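The structure appears right after this line, and notes come after that.
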Amino acid sequence: MQDFLLIIHFVGLALGVGTSFATLRLALAAKASPPAERAQIFKYAMALAKNGSLGLALLIASGLGMVFTRGAATVFSSGGVAFHVKLTLVLVLVGLLGFAQVLGKRAREKQDAQAMATLAKVGPAMLVTGLGIVVAAVLAFH
Ligand code: HEM
């Protein structure tokens, strides 16, 4: 069971953090493309964002699964401060994802240029937070 949960955790990691890298690449491509094409690229970035949400959902479900099957006290004592830092960053990531979804909806439905500009900043913030979680996770469990 533990191995299965850890496998799901790594699949979620590939989906989640992978989407952040892909979205960054798409944002750079959009910047370099003529304005007429940017709406199209934005549409694909929104489709890609679904992978990010799925990845984070898998990480949280499998992560909580590992904590409760191993015993919360055991995991928190073995993970130490680094695990607390990790979970704090996970909450930040969930907040950023929620904010990005609100901005994405506003940009899509109201062609809100301000929302799109803010979204271009939230993407890299999610990537840095995701990488911070990976560092904290490795420091917690190795
Ligand atoms: C509520 C959310 C989460 C919980 C409760 C959680 C819990 C855990 C636990 C218990 C492990 C230890 C597995 C082991 O024994 O090796 C682990 C490993 C790991 N987690 Fe999470 N996790 C969560 C979210 C995340 C997120 C969002 C990310 C990345 C963005 C992440 C990245 C990792 C990585 C990279 C490892 C492997 C660490 C290693 O084996 O060195 N986790 N997680």
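Every number in this text was worked out from the coordinates using simple rules, so none of it is lab data. This structure is a prediction, so every number in the text was calculated from the model and none was measured. Quick reminder, even Gly has a Cβ in these numbers, built from the backbone with ideal geometry, and neighbours come from all protein chains shown.
Summary table
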| read-out | value |
| --- | --- |
| Single residue of region 9-28 satisfying the filter (of a type in the set (Gly, Ala, Ser) and under 13 Å from Ala57 (Cα atoms)) that is farthest from the ligand (Cβ to nearest atom) | Ala14 |
| Close pairs (7 angstrom Cβ cut-off, 6 or more residues apart or separate chains): closer than 16 Å to Gly52 by Cβ and polar (S, T, N, Q) in region 1-23, in a helix (DSSP H, G or I) and within 11 Å of the ligand (Cβ to nearest atom) anywhere | Thr19/Gly52; Thr19/Gly55; Ser20/Gly52; Ser20/Met126; Ser20/Leu127; Ser20/Gly130 |
| Verdict on Thr23 being in a helix (DSSP H, G or I), closer than 30 Å to Arg108 by Cα and polar (S, T, N, Q) | yes |
| Among the residues listed as Val135, Val128, the single one being within 16 Å of the ligand (Cβ to nearest atom), under 21 Å from Leu5 (Cα atoms) and of a type in the set (A, V, I, L, M, F, W, C) | Val135 |
